[in-house]
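*Asks:* Below is one structure. I have some questions about it.
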Amino acid sequence: MRKYITWGYLIIICTILPLYMKDGYYMLGESKGLLYLGVSAAFALVLVLFERKKLLSGIDKESFAFFGLMAFLFSNIISFVFSINKSVSFFGLEGWRGGFLTVILMLFFTLVFSGQELFSKYITAALLLTPAFEFVLGILGRFRIYPIAIAHQNNSFVATIGNINWFVGFLSVFVSLGIGLCYTEKLFSKEFFLLAIYEILGLVALLTQGSESGALVIIGAFLLLLFRSLGSRKSFLKMSAQLFILGLSMEIVDILMLAFGSLYNYQDNLLVQACSGFKGLILMASAFFLYRLSRLFEEISGKWRGKLFTEVLLFALGLGAAYAIYKLRSSFGYGFGNGRGLIWSISVDMFHTLSPWRKLVGVGQDGFCSYAYSVPEIADSLLNTFPGNKLTNAHCELLTMLIERGLLGVVTYLFFMGTILCAFIKNKKERAATICALPVIAYFLNSLVSFSTVTSTPYLMLAIGIGLSSCRSEIS
(Lines give C-alpha, C1' and ligand atoms only; values in the text may rest on other atoms or scores of the structure.)
Protein backbone atom coordinates (compact mmCIF):
# COMPACT_ATOMS: atom_id res chain seq x y z
CA MET A 1 0.00 0.00 0.00
CA ARG A 2 2.85 2.37 0.84
CA LYS A 3 4.14 2.06 -2.73
CA TYR A 4 0.85 3.20 -4.26
CA ILE A 5 0.44 6.07 -1.77
CA THR A 6 3.91 7.39 -2.55
CA TRP A 7 3.38 6.95 -6.29
CA GLY A 8 0.13 8.90 -6.03
CA TYR A 9 1.87 11.67 -4.12
CA LEU A 10 4.70 11.86 -6.62
CA ILE A 11 2.36 12.07 -9.61
CA ILE A 12 0.24 14.81 -8.03
CA ILE A 13 3.25 16.89 -7.02
CA CYS A 14 4.95 16.53 -10.41
CA THR A 15 1.85 17.09 -12.55
CA ILE A 16 -0.65 19.24 -10.64
CA LEU A 17 1.61 21.58 -8.65
CA PRO A 18 3.50 23.07 -11.66
CA LEU A 19 0.22 23.70 -13.54
CA TYR A 20 -1.89 25.02 -10.66
CA MET A 21 -2.80 28.72 -10.78
CA LYS A 22 -5.56 30.23 -8.67
CA ASP A 23 -5.64 33.70 -10.25
CA GLY A 24 -2.98 33.71 -12.93
CA TYR A 25 0.34 35.13 -11.82
CA TYR A 26 -1.26 37.14 -9.00
CA MET A 27 0.02 35.68 -5.71
CA LEU A 28 1.12 32.57 -7.61
CA GLY A 29 3.73 31.68 -4.98
CA GLU A 30 1.04 31.75 -2.30
CA SER A 31 -1.37 29.51 -4.22
CA LYS A 32 1.31 26.98 -5.12
CA GLY A 33 2.74 27.09 -1.60
CA LEU A 34 -0.62 26.36 0.02
CA LEU A 35 -1.30 23.55 -2.48
CA TYR A 36 2.08 21.99 -1.72
CA LEU A 37 1.49 22.20 2.03
CA GLY A 38 -2.04 20.80 1.77
CA VAL A 39 -1.21 17.88 -0.51
CA SER A 40 2.04 16.99 1.28
CA ALA A 41 0.51 17.20 4.77
CA ALA A 42 -2.46 15.06 3.69
CA PHE A 43 -0.27 12.31 2.19
CA ALA A 44 2.13 12.46 5.14
CA LEU A 45 -0.80 11.98 7.54
CA VAL A 46 -2.11 9.02 5.52
CA LEU A 47 1.32 7.39 5.54
CA VAL A 48 1.76 7.91 9.29
CA LEU A 49 -1.73 6.58 10.10
CA PHE A 50 -1.77 3.54 7.82
CA GLU A 51 1.86 2.68 7.13
CA ARG A 52 3.68 3.78 10.28
CA LYS A 53 5.10 0.29 10.96
CA LYS A 54 6.67 0.08 7.50
CA LEU A 55 7.25 3.78 6.96
CA LEU A 56 10.96 3.81 7.76
CA SER A 57 11.69 0.26 6.60
CA GLY A 58 14.38 0.06 3.96
CA ILE A 59 16.08 3.30 5.08
CA ASP A 60 19.82 2.93 5.61
CA LYS A 61 20.09 4.50 9.06
CA GLU A 62 23.81 3.74 9.26
CA SER A 63 24.76 5.78 6.20
CA PHE A 64 26.63 9.06 6.27
CA ALA A 65 23.91 10.59 4.10
CA PHE A 66 21.25 9.74 6.69
CA PHE A 67 23.41 11.38 9.36
CA GLY A 68 23.71 14.49 7.18
CA LEU A 69 19.94 14.68 6.75
CA MET A 70 19.39 14.33 10.50
CA ALA A 71 21.93 17.08 11.19
CA PHE A 72 20.11 19.43 8.79
CA LEU A 73 16.77 18.51 10.39
CA PHE A 74 18.20 19.25 13.85
CA SER A 75 19.45 22.70 12.79
CA ASN A 76 16.00 23.54 11.40
CA ILE A 77 14.34 22.53 14.65
CA ILE A 78 16.74 24.75 16.60
CA SER A 79 16.11 27.71 14.26
CA PHE A 80 12.35 27.33 14.61
CA VAL A 81 12.42 26.97 18.40
CA PHE A 82 14.39 30.21 18.75
CA SER A 83 12.74 32.09 15.85
CA ILE A 84 11.69 35.72 16.31
CA ASN A 85 8.22 35.09 14.84
CA LYS A 86 6.87 31.58 15.44
CA SER A 87 3.89 31.94 13.09
CA VAL A 88 5.94 33.13 10.09
CA SER A 89 8.71 30.65 10.86
CA PHE A 90 6.28 27.70 11.01
CA PHE A 91 3.91 28.43 8.11
CA GLY A 92 6.28 30.55 6.04
CA LEU A 93 5.97 34.08 4.70
CA GLU A 94 2.85 34.75 2.65
CA GLY A 95 3.69 34.39 -1.03
CA TRP A 96 6.69 32.13 -0.39
CA ARG A 97 5.77 29.48 2.18
CA GLY A 98 9.30 28.37 2.89
CA GLY A 99 8.74 27.89 6.60
CA PHE A 100 9.52 25.08 9.02
CA LEU A 101 6.44 23.07 7.98
CA THR A 102 7.58 23.09 4.35
CA VAL A 103 11.11 22.00 5.32
CA ILE A 104 9.80 19.21 7.55
CA LEU A 105 7.52 17.88 4.82
CA MET A 106 10.33 17.95 2.25
CA LEU A 107 12.68 16.06 4.57
CA PHE A 108 9.91 13.61 5.53
CA PHE A 109 9.33 12.62 1.91
CA THR A 110 13.08 12.49 1.27
CA LEU A 111 13.27 9.85 4.01
CA VAL A 112 10.19 7.99 2.79
CA PHE A 113 11.47 7.77 -0.79
CA SER A 114 14.98 6.81 0.34
CA GLY A 115 13.46 3.57 1.66
CA GLN A 116 11.08 3.09 -1.25
CA GLU A 117 11.55 0.52 -3.99
CA LEU A 118 12.31 1.96 -7.41
CA PHE A 119 9.41 2.47 -9.79
CA SER A 120 8.95 1.51 -13.43
CA LYS A 121 9.90 3.49 -16.52
CA TYR A 122 6.18 4.08 -17.16
CA ILE A 123 5.88 6.01 -13.88
CA THR A 124 9.01 7.95 -14.84
CA ALA A 125 7.49 8.83 -18.22
CA ALA A 126 4.29 10.02 -16.53
CA LEU A 127 6.30 12.25 -14.19
CA LEU A 128 8.10 13.92 -17.11
CA LEU A 129 5.00 14.84 -19.12
CA THR A 130 4.15 18.02 -17.22
CA PRO A 131 7.76 19.30 -17.12
CA ALA A 132 7.98 18.73 -20.91
CA PHE A 133 4.77 20.74 -21.31
CA GLU A 134 6.27 23.51 -19.16
CA PHE A 135 9.36 23.54 -21.38
CA VAL A 136 7.17 24.08 -24.44
CA LEU A 137 5.16 26.83 -22.73
CA GLY A 138 8.38 28.56 -21.70
CA ILE A 139 9.81 28.50 -25.22
CA LEU A 140 6.58 29.69 -26.86
CA GLY A 141 6.12 32.41 -24.26
CA ARG A 142 9.54 33.85 -25.01
CA PHE A 143 8.37 34.37 -28.60
CA ARG A 144 5.02 35.89 -27.57
CA ILE A 145 2.94 32.79 -28.20
CA TYR A 146 0.60 31.99 -25.31
CA PRO A 147 -1.45 28.81 -25.88
CA ILE A 148 -3.04 29.27 -22.45
CA ALA A 149 -4.60 32.58 -21.45
CA ILE A 150 -2.98 33.51 -18.14
CA ALA A 151 -4.00 36.54 -16.10
CA HIS A 152 -1.40 39.22 -15.36
CA GLN A 153 0.88 38.01 -18.19
CA ASN A 154 4.19 39.83 -18.70
CA ASN A 155 7.69 38.91 -19.79
CA SER A 156 8.98 38.51 -16.23
CA PHE A 157 6.79 35.44 -15.80
CA VAL A 158 7.22 32.15 -17.62
CA ALA A 159 4.89 29.20 -18.31
CA THR A 160 2.73 28.39 -15.26
CA ILE A 161 5.70 28.29 -12.88
CA GLY A 162 6.21 31.97 -12.01
CA ASN A 163 8.94 34.53 -12.57
CA ILE A 164 12.22 33.72 -14.33
CA ASN A 165 14.03 32.81 -11.12
CA TRP A 166 11.31 30.32 -10.16
CA PHE A 167 11.32 28.83 -13.66
CA VAL A 168 15.10 28.37 -13.81
CA GLY A 169 14.97 26.70 -10.39
CA PHE A 170 12.35 24.32 -11.77
CA LEU A 171 14.47 23.71 -14.88
CA SER A 172 17.60 23.09 -12.80
CA VAL A 173 15.96 19.94 -11.45
CA PHE A 174 13.95 18.64 -14.41
CA VAL A 175 16.37 19.47 -17.24
CA SER A 176 19.29 17.89 -15.38
CA LEU A 177 17.12 14.85 -14.68
CA GLY A 178 16.47 14.58 -18.42
CA ILE A 179 20.20 14.84 -19.15
CA GLY A 180 20.93 12.02 -16.70
CA LEU A 181 18.12 9.81 -17.96
CA CYS A 182 19.19 10.22 -21.59
CA TYR A 183 22.87 9.67 -20.74
CA THR A 184 22.20 6.39 -18.95
CA GLU A 185 20.07 4.89 -21.72
CA LYS A 186 21.54 2.66 -24.40
CA LEU A 187 22.82 4.81 -27.23
CA PHE A 188 20.43 5.15 -30.18
CA SER A 189 17.69 3.07 -28.57
CA LYS A 190 14.05 4.15 -28.76
CA GLU A 191 14.17 5.36 -25.15
CA PHE A 192 17.36 7.32 -25.89
CA PHE A 193 15.72 9.27 -28.74
CA LEU A 194 12.56 9.98 -26.72
CA LEU A 195 14.60 11.28 -23.80
CA ALA A 196 16.80 13.26 -26.21
CA ILE A 197 13.68 15.11 -27.40
CA TYR A 198 12.74 15.84 -23.78
CA GLU A 199 16.29 17.02 -23.06
CA ILE A 200 16.41 19.28 -26.13
CA LEU A 201 13.11 20.92 -25.16
CA GLY A 202 14.45 21.51 -21.65
CA LEU A 203 17.78 22.92 -22.82
CA VAL A 204 16.12 25.24 -25.37
CA ALA A 205 13.76 26.47 -22.63
CA LEU A 206 16.72 27.06 -20.32
CA LEU A 207 18.78 28.82 -22.98
CA THR A 208 15.98 31.20 -24.03
CA GLN A 209 14.65 32.32 -20.64
CA GLY A 210 17.02 35.24 -20.15
CA SER A 211 18.41 34.26 -16.74
CA GLU A 212 22.18 33.95 -16.87
CA SER A 213 22.08 31.60 -13.87
CA GLY A 214 20.94 29.02 -16.41
CA ALA A 215 24.60 28.86 -17.46
CA LEU A 216 25.45 27.55 -13.97
CA VAL A 217 22.85 24.79 -14.39
CA ILE A 218 24.29 23.68 -17.73
CA ILE A 219 27.92 23.95 -16.64
CA GLY A 220 27.31 22.06 -13.39
CA ALA A 221 25.32 19.23 -15.00
CA PHE A 222 27.67 18.67 -17.94
CA LEU A 223 30.88 18.96 -15.91
CA LEU A 224 29.65 16.38 -13.40
CA LEU A 225 28.56 14.14 -16.27
CA LEU A 226 31.97 14.55 -17.91
CA PHE A 227 33.69 13.69 -14.63
CA ARG A 228 31.63 10.49 -14.32
CA SER A 229 32.11 9.56 -17.99
CA LEU A 230 35.91 9.45 -17.94
CA GLY A 231 35.95 6.11 -16.14
CA SER A 232 35.42 4.09 -19.33
CA ARG A 233 35.34 4.50 -23.10
CA LYS A 234 31.71 3.37 -23.24
CA SER A 235 30.69 6.15 -20.85
CA PHE A 236 32.69 8.71 -22.81
CA LEU A 237 30.88 7.73 -26.00
CA LYS A 238 27.63 8.51 -24.19
CA MET A 239 29.09 11.84 -23.06
CA SER A 240 29.94 12.70 -26.67
CA ALA A 241 26.30 12.13 -27.56
CA GLN A 242 25.26 14.48 -24.77
CA LEU A 243 27.58 17.20 -26.05
CA PHE A 244 26.05 16.73 -29.50
CA ILE A 245 22.56 17.18 -28.00
CA LEU A 246 23.71 20.35 -26.22
CA GLY A 247 25.13 21.69 -29.49
CA LEU A 248 21.90 20.83 -31.32
CA SER A 249 19.88 22.68 -28.65
CA MET A 250 22.14 25.73 -28.99
CA GLU A 251 21.76 25.66 -32.78
CA ILE A 252 17.96 25.47 -32.47
CA VAL A 253 18.07 28.59 -30.29
CA ASP A 254 20.29 30.33 -32.87
CA ILE A 255 17.86 29.44 -35.67
CA LEU A 256 14.88 30.62 -33.62
CA MET A 257 16.59 33.95 -32.95
CA LEU A 258 17.54 34.37 -36.61
CA ALA A 259 14.00 33.59 -37.78
CA PHE A 260 11.89 35.08 -34.98
CA GLY A 261 14.29 37.33 -33.07
CA SER A 262 11.99 40.33 -33.49
CA LEU A 263 9.37 38.50 -31.41
CA TYR A 264 11.75 37.60 -28.57
CA ASN A 265 10.30 39.32 -25.51
CA TYR A 266 13.30 39.60 -23.22
CA GLN A 267 16.52 41.57 -23.33
CA ASP A 268 19.71 40.24 -24.84
CA ASN A 269 21.55 37.93 -22.47
CA LEU A 270 24.60 35.74 -22.06
CA LEU A 271 22.97 32.41 -22.99
CA VAL A 272 21.35 33.69 -26.17
CA GLN A 273 24.67 35.27 -27.16
CA ALA A 274 26.43 31.95 -26.47
CA CYS A 275 24.16 30.27 -29.02
CA SER A 276 24.74 32.86 -31.78
CA GLY A 277 27.23 32.57 -34.63
CA PHE A 278 26.58 28.86 -35.22
CA LYS A 279 28.46 27.89 -32.05
CA GLY A 280 26.04 24.98 -31.67
CA LEU A 281 27.20 23.57 -35.02
CA ILE A 282 30.82 23.84 -33.86
CA LEU A 283 30.00 21.93 -30.67
CA MET A 284 28.07 19.29 -32.64
CA ALA A 285 31.03 18.81 -35.01
CA SER A 286 33.45 18.61 -32.06
CA ALA A 287 31.28 16.05 -30.29
CA PHE A 288 31.03 13.93 -33.45
CA PHE A 289 34.83 14.12 -33.87
CA LEU A 290 35.39 12.97 -30.27
CA TYR A 291 32.91 10.13 -30.75
CA ARG A 292 34.58 8.88 -33.94
CA LEU A 293 38.08 9.29 -32.48
CA SER A 294 37.12 7.25 -29.43
CA ARG A 295 35.59 4.54 -31.62
CA LEU A 296 38.76 4.46 -33.72
CA PHE A 297 40.95 3.86 -30.66
CA GLU A 298 38.47 1.22 -29.54
CA GLU A 299 38.79 -0.60 -32.89
CA ILE A 300 42.61 -0.63 -32.70
CA SER A 301 42.44 -1.70 -29.03
CA GLY A 302 43.91 1.54 -27.75
CA LYS A 303 44.13 1.71 -23.96
CA TRP A 304 41.63 4.00 -22.22
CA ARG A 305 43.46 6.24 -19.73
CA GLY A 306 40.54 7.23 -17.57
CA LYS A 307 42.62 8.08 -14.50
CA LEU A 308 44.88 10.42 -16.49
CA PHE A 309 41.90 12.11 -18.16
CA THR A 310 40.26 12.62 -14.76
CA GLU A 311 43.41 14.20 -13.33
CA VAL A 312 43.67 16.55 -16.32
CA LEU A 313 39.99 17.51 -15.90
CA LEU A 314 40.45 18.22 -12.18
CA PHE A 315 43.51 20.38 -12.93
CA ALA A 316 41.58 22.30 -15.60
CA LEU A 317 38.66 22.77 -13.21
CA GLY A 318 41.03 24.15 -10.58
CA LEU A 319 42.44 26.69 -13.04
CA GLY A 320 38.94 27.57 -14.22
CA ALA A 321 37.71 28.07 -10.66
CA ALA A 322 40.69 30.29 -9.83
CA TYR A 323 40.07 32.41 -12.93
CA ALA A 324 36.34 32.67 -12.16
CA ILE A 325 37.09 33.85 -8.60
CA TYR A 326 39.54 36.43 -9.94
CA LYS A 327 37.02 37.76 -12.47
CA LEU A 328 34.29 37.83 -9.83
CA ARG A 329 36.42 39.83 -7.42
CA SER A 330 37.53 42.28 -10.10
CA SER A 331 34.04 42.88 -11.51
CA PHE A 332 31.99 42.67 -8.31
CA GLY A 333 29.97 45.75 -7.41
CA TYR A 334 26.48 46.83 -6.43
CA GLY A 335 25.28 46.28 -9.99
CA PHE A 336 26.66 42.75 -10.20
CA GLY A 337 24.13 40.07 -11.24
CA ASN A 338 21.23 42.40 -11.98
CA GLY A 339 21.56 44.17 -8.62
CA ARG A 340 22.48 41.10 -6.60
CA GLY A 341 25.73 42.72 -5.53
CA LEU A 342 23.76 45.39 -3.66
CA ILE A 343 21.34 42.84 -2.15
CA TRP A 344 24.23 40.67 -0.97
CA SER A 345 25.99 43.68 0.58
CA ILE A 346 22.82 44.62 2.48
CA SER A 347 22.39 41.00 3.59
CA VAL A 348 25.96 40.85 4.92
CA ASP A 349 25.27 44.06 6.86
CA MET A 350 22.14 42.38 8.26
CA PHE A 351 24.18 39.42 9.47
CA HIS A 352 26.58 41.77 11.25
CA THR A 353 23.68 43.31 13.19
CA LEU A 354 22.71 39.91 14.63
CA SER A 355 23.70 39.00 18.17
CA PRO A 356 26.24 36.15 18.57
CA TRP A 357 23.40 33.75 19.41
CA ARG A 358 21.36 34.83 16.38
CA LYS A 359 24.42 34.43 14.16
CA LEU A 360 24.51 30.82 15.30
CA VAL A 361 20.80 29.88 15.04
CA GLY A 362 19.33 32.61 12.81
CA VAL A 363 16.04 34.51 13.06
CA GLY A 364 13.83 31.63 11.90
CA GLN A 365 12.67 30.20 8.57
CA ASP A 366 11.29 32.84 6.17
CA GLY A 367 12.21 35.50 8.75
CA PHE A 368 14.55 37.45 6.44
CA CYS A 369 11.95 40.08 5.57
CA SER A 370 10.58 40.46 9.11
CA TYR A 371 14.03 40.99 10.57
CA ALA A 372 15.29 43.27 7.77
CA TYR A 373 12.48 45.78 8.25
CA SER A 374 12.72 45.64 12.05
CA VAL A 375 16.26 47.10 12.07
CA PRO A 376 15.97 50.87 11.42
CA GLU A 377 19.23 51.36 9.50
CA ILE A 378 18.62 48.27 7.32
CA ALA A 379 14.96 49.21 6.77
CA ASP A 380 15.91 52.74 5.66
CA SER A 381 18.43 51.34 3.20
CA LEU A 382 15.87 48.90 1.76
CA LEU A 383 13.09 51.49 1.50
CA ASN A 384 15.41 53.89 -0.32
CA THR A 385 16.83 51.18 -2.60
CA PHE A 386 13.62 49.26 -3.35
CA PRO A 387 10.78 51.78 -3.01
CA GLY A 388 7.38 50.12 -3.26
CA ASN A 389 8.88 46.61 -3.02
CA LYS A 390 9.87 44.33 -0.17
CA LEU A 391 13.08 42.33 -0.11
CA THR A 392 12.09 38.84 1.08
CA ASN A 393 15.41 37.02 0.58
CA ALA A 394 19.06 37.60 -0.29
CA HIS A 395 18.82 36.11 -3.82
CA CYS A 396 21.46 33.63 -2.67
CA GLU A 397 20.12 30.62 -0.83
CA LEU A 398 23.19 30.24 1.38
CA LEU A 399 23.14 33.93 2.36
CA THR A 400 19.39 33.79 3.04
CA MET A 401 19.95 30.67 5.12
CA LEU A 402 22.73 32.43 7.03
CA ILE A 403 20.25 35.08 8.18
CA GLU A 404 17.30 32.75 8.77
CA ARG A 405 19.01 29.62 10.16
CA GLY A 406 22.39 30.94 11.17
CA LEU A 407 25.81 29.38 10.87
CA LEU A 408 24.41 26.12 12.24
CA GLY A 409 21.90 25.93 9.41
CA VAL A 410 24.45 26.73 6.67
CA VAL A 411 27.04 24.26 7.96
CA THR A 412 24.54 21.40 8.33
CA TYR A 413 23.02 22.17 4.91
CA LEU A 414 26.44 22.05 3.22
CA PHE A 415 27.23 18.87 5.16
CA PHE A 416 23.93 17.32 4.01
CA MET A 417 24.51 18.26 0.35
CA GLY A 418 28.12 17.03 0.57
CA THR A 419 27.16 13.63 1.96
CA ILE A 420 24.47 13.24 -0.72
CA LEU A 421 26.88 14.05 -3.56
CA CYS A 422 29.55 11.77 -2.11
CA ALA A 423 27.01 8.96 -1.84
CA PHE A 424 25.93 9.39 -5.46
CA ILE A 425 29.42 9.88 -6.93
CA LYS A 426 30.84 6.90 -5.02
CA ASN A 427 28.14 4.71 -6.49
CA LYS A 428 29.47 3.94 -9.98
CA LYS A 429 27.11 1.12 -10.91
CA GLU A 430 23.64 2.46 -10.19
CA ARG A 431 22.30 4.55 -13.07
CA ALA A 432 19.83 6.29 -10.77
CA ALA A 433 22.73 7.58 -8.68
CA THR A 434 24.09 9.40 -11.73
CA ILE A 435 20.63 10.64 -12.70
CA CYS A 436 19.92 12.04 -9.23
CA ALA A 437 23.40 13.53 -8.71
CA LEU A 438 22.90 15.96 -11.59
CA PRO A 439 19.93 17.87 -10.06
CA VAL A 440 21.85 18.22 -6.79
CA ILE A 441 24.82 20.00 -8.36
CA ALA A 442 22.69 21.94 -10.88
CA TYR A 443 20.25 23.15 -8.21
CA PHE A 444 23.04 24.03 -5.78
CA LEU A 445 24.96 26.14 -8.29
CA ASN A 446 21.79 27.95 -9.38
CA SER A 447 20.83 28.53 -5.73
CA LEU A 448 24.03 30.55 -5.23
CA VAL A 449 22.33 33.36 -7.16
CA SER A 450 18.71 32.41 -6.53
CA PHE A 451 16.42 31.14 -3.77
CA SER A 452 14.35 28.21 -2.57
CA THR A 453 10.79 27.87 -3.91
CA VAL A 454 8.03 25.24 -3.73
CA THR A 455 8.45 24.67 -7.48
CA SER A 456 12.08 23.62 -7.20
CA THR A 457 13.36 22.61 -3.75
CA PRO A 458 10.73 19.89 -3.06
CA TYR A 459 11.62 18.26 -6.40
CA LEU A 460 15.30 18.33 -5.49
CA MET A 461 14.53 16.59 -2.19
CA LEU A 462 12.41 13.95 -3.95
CA ALA A 463 15.28 13.31 -6.39
CA ILE A 464 17.63 12.93 -3.42
CA GLY A 465 15.31 10.41 -1.77
CA ILE A 466 14.95 8.38 -4.97
CA GLY A 467 18.72 8.49 -5.52
CA LEU A 468 19.41 7.24 -1.99
CA SER A 469 16.94 4.43 -2.55
CA SER A 470 18.81 3.37 -5.67
CA CYS A 471 22.19 3.09 -3.97
CA ARG A 472 21.49 2.75 -0.24
CA SER A 473 23.32 -0.57 -0.07
CA GLU A 474 26.57 1.16 -1.06
CA ILE A 475 26.43 4.48 0.82
CA SER A 476 28.12 3.61 4.09
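*Asks:* From the list T102, T124, which residue is hydroxyl-bearing (S, T, Y), open to solvent by less than 20 Å² (accessible area, probe 1.4 Å) and in contact (Cβ under 8 Å) with a residue 24 or more places away in the chain?
*Replies:* On the way: T124 fails: open to solvent by less than 20 Å² (accessible area, probe 1.4 Å).
Just a single option satisfies the conditions, and that option is T102.
*Asks:* Quick check on my filter: what residues within region 204-226 are open to solvent by 40 Å² or more (accessible area, probe 1.4 Å) and modelled with pLDDT under 90?
*Replies:* Answer for region 204-226, where residues must be open to solvent by 40 Å² or more (accessible area, probe 1.4 Å) and modelled with pLDDT under 90: just E212.
*Asks:* Would you mind stating whether I343 is free of Cβ contacts under 8 Å to residues at least 60 places away in the same chain, within 30 Å of T102 (Cβ to Cβ) and in contact with an Asp or Glu (Cβ under 8 Å, 6 or more places away or on another chain)? Show your work before the answer.
*Replies:* Working: free of Cβ contacts under 8 Å to residues at least 60 places away in the same chain: yes; within 30 Å of T102 (Cβ to Cβ): yes; in contact with an Asp or Glu (Cβ under 8 Å, 6 or more places away or on another chain): no.
In short, no.
*Asks:* Let me ask another. Somewhere in region 427-445, is a residue open to solvent by 10 Å² or more (accessible area, probe 1.4 Å), more than 25 Å from K61 (Cα to Cα) and not in a helix (DSSP H, G or I)?
*Replies:* No, because not a single residue in region 427-445 is open to solvent by 10 Å² or more (accessible area, probe 1.4 Å), more than 25 Å from K61 (Cα to Cα) and not in a helix (DSSP H, G or I).
*Asks:* Within region 188-203, take every residue that is out of contact with any Asp or Glu (no Cβ under 9 Å at 6 or more places or on another chain) and among the charged types (D, E, K, R) and give me the one that is least open to solvent (accessible area, probe 1.4 Å).
*Replies:* Filtering first and then ranking leaves E199.
*Asks:* Hey, another quick one. Got a sec? Which of A65, A71, A42 is small (G, A, S) and without any contact (Cβ under 8 Å) to a residue 40 or more places away in the chain?
*Replies:* After applying the criteria, what remains is A42.
*Asks:* Filtering region 338-376 down to residues that are in a loop (DSSP other than H, G, I, E, B) and among the polar types (S, T, N, Q), which residue is least open to solvent (accessible area, probe 1.4 Å)? Reasoning before the result, please.
*Replies:* Start the filter on region 338-376 by keeping residues that are in a loop (DSSP other than H, G, I, E, B), which leaves 354-355, 362-367, 373-375.
Remaining after also requiring among the polar types (S, T, N, Q): 355, 365, 374.
On the way: S355: 53, Q365: 1, S374: 72 Å².
Within region 338-376, the match that is least open to solvent (accessible area, probe 1.4 Å) is Q365.
*Asks:* While we're here: List the number of the failed condition for F297; all other conditions in (1) assigned to a helix (DSSP H, G or I); (2) without any contact (Cβ under 8 Å) to a residue 60 or more places away in the chain; (3) loosely packed, with under 15 Cβ neighbours inside 10 Å hold.
*Replies:* Checking F297 against (1) assigned to a helix (DSSP H, G or I); (2) without any contact (Cβ under 8 Å) to a residue 60 or more places away in the chain; (3) loosely packed, with under 15 Cβ neighbours inside 10 Å, the one that fails is (2).
*Asks:* Here is a further query. With (1) under 22 Å from K390 (Cβ atoms); (2) surrounded by fewer than 17 Cβ atoms within 10 Å (Cβ to Cβ); (3) more than 24 Å from the chain's Cα centre (by Cα) as the list, and R52 as the residue in question, which single condition is left unmet?
*Replies:* Only one criterion is unmet by R52, namely (1).
*Asks:* Another question, then. So, in region 66-115, how many residues would count as being assigned to a helix (DSSP H, G or I) and among the charged types (D, E, K, R)?
*Replies:* Here the count works out to 1.
*Asks:* Continuing with this model, one more query. So, in region 377-397, how many residues would count as being assigned to a helix (DSSP H, G or I), of a type in the set (S, T, Y) and open to solvent by less than 50 Å² (accessible area, probe 1.4 Å)?
*Replies:* 1
*Asks:* Here's a follow-up. Would you point out the residue of region 1-49, among those that are assigned to a loop (DSSP other than H, G, I, E, B) and either of a type in the set (G, A, S) or more than 21 Å from the chain's Cα centre (by Cα) (or both), that is modelled with the lowest pLDDT?
*Replies:* This residue is M1.
*Asks:* Mind listing whichever residues of region 171-223 are aliphatic (A, V, I, L, M) and farther than 25 Å from R142 by Cβ?
*Replies:* Those that are aliphatic (A, V, I, L, M) and farther than 25 Å from R142 by Cβ: L187, L223.
*Asks:* Take T400 and decide whether it is of a type in the set (S, T, N, Q), open to solvent by less than 30 Å² (accessible area, probe 1.4 Å) and either touching a residue at least 60 places away in the same chain (Cβ under 8 Å) or not in a helix (DSSP H, G or I) (or both).
*Replies:* In short, no.
Quick grid of which residues meet (1) in contact (Cβ under 8 Å) with a residue 60 or more places away in the chain; (2) touching a Leu at 6+ places or on another chain (Cβ under 7 Å); (3) of a type in the set (S, T, N, Q):
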| residue | (1), (2), (3) |
| --- | --- |
| H152 | yes, no, no |
| I161 | yes, no, no |
| F170 | yes, no, no |
| V173 | yes, yes, no |
| S176 | yes, yes, yes |
| C182 | yes, yes, no |
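*Asks:* Can you tell me which residue is farthest from S262 (Cα to Cα) among those in region 134-144 that are out of contact with any strand residue (DSSP E or B) (no Cβ under 9 Å at 6 or more places or on another chain) and in contact (Cβ under 8 Å) with a residue 60 or more places away in the chain?
*Replies:* Only one residue tops the list, namely F135.
*Asks:* Starting from region 265-279, keep only residues that are of a type in the set (G, A, S), then list their pairs with residues that are part of a helix (DSSP H, G or I) whose Cβ atoms are within a distance under 8 Å, requiring at least 6 positions of separation or different chains.
*Replies:* Partner pairs satisfying both residue conditions: A274/L207; A274/A215; A274/M250; S276/D254; S276/M257; G277/D254.
*Asks:* Restricting to region 135-171, count the residues that are under 25 Å from the mean Cα position of the chain (by Cα) and charged (D, E, K, R).
*Replies:* 1
*Asks:* Oh, and also: If you go through region 308-337, how many residues are assigned to a helix (DSSP H, G or I), open to solvent by 90 Å² or more (accessible area, probe 1.4 Å), over 21 Å from F222 (Cβ atoms) and modelled with pLDDT under 85?
*Replies:* 1
*Asks:* Every residue in region 138-167 that is open to solvent by less than 20 Å² (accessible area, probe 1.4 Å), outside any loop (DSSP other than H, G, I, E, B) and within 12 Å of T208 (Cβ to Cβ), please.
*Replies:* Those that are open to solvent by less than 20 Å² (accessible area, probe 1.4 Å), outside any loop (DSSP other than H, G, I, E, B) and within 12 Å of T208 (Cβ to Cβ): G138, G141, R142, V158, I164, F167.
*Asks:* What are the residue pairs meeting all of these: first residue in region 191-202, first residue more than 18 Å from M284 (Cβ to Cβ), second residue open to solvent by 60 Å² or more (accessible area, probe 1.4 Å), Cβ atoms under 9 Å, and 6 or more apart or on different chains?
*Replies:* Filtered contacts from region 191-202: E191/K121.
*Asks:* Considering only region 227-240, how many residues are aliphatic (A, V, I, L, M) and buried (at least 20 other Cβ atoms within 10 Å of the Cβ)?
*Replies:* Pass one, region 227-240, residues aliphatic (A, V, I, L, M): 230, 237, 239.
Filter again for buried (at least 20 other Cβ atoms within 10 Å of the Cβ), leaving 230, 239.
Going through region 227-240 one residue at a time, the tally reaches 2.
The values are calculated or read from the model by the stated rules, or taken from the named source; none is laboratory data. All figures in this text were calculated on a predicted structure; none of them were measured in a lab. All Cβ positions, glycine included, derive from the backbone under ideal geometry; neighbour counts span all protein chains shown. Heavy atoms of the whole protein, side chains included, go into the accessibility calculation; ligands, DNA and RNA do not. Shrake-Rupley method; radii C 1.70, N 1.55, O 1.52, S 1.80 Å.
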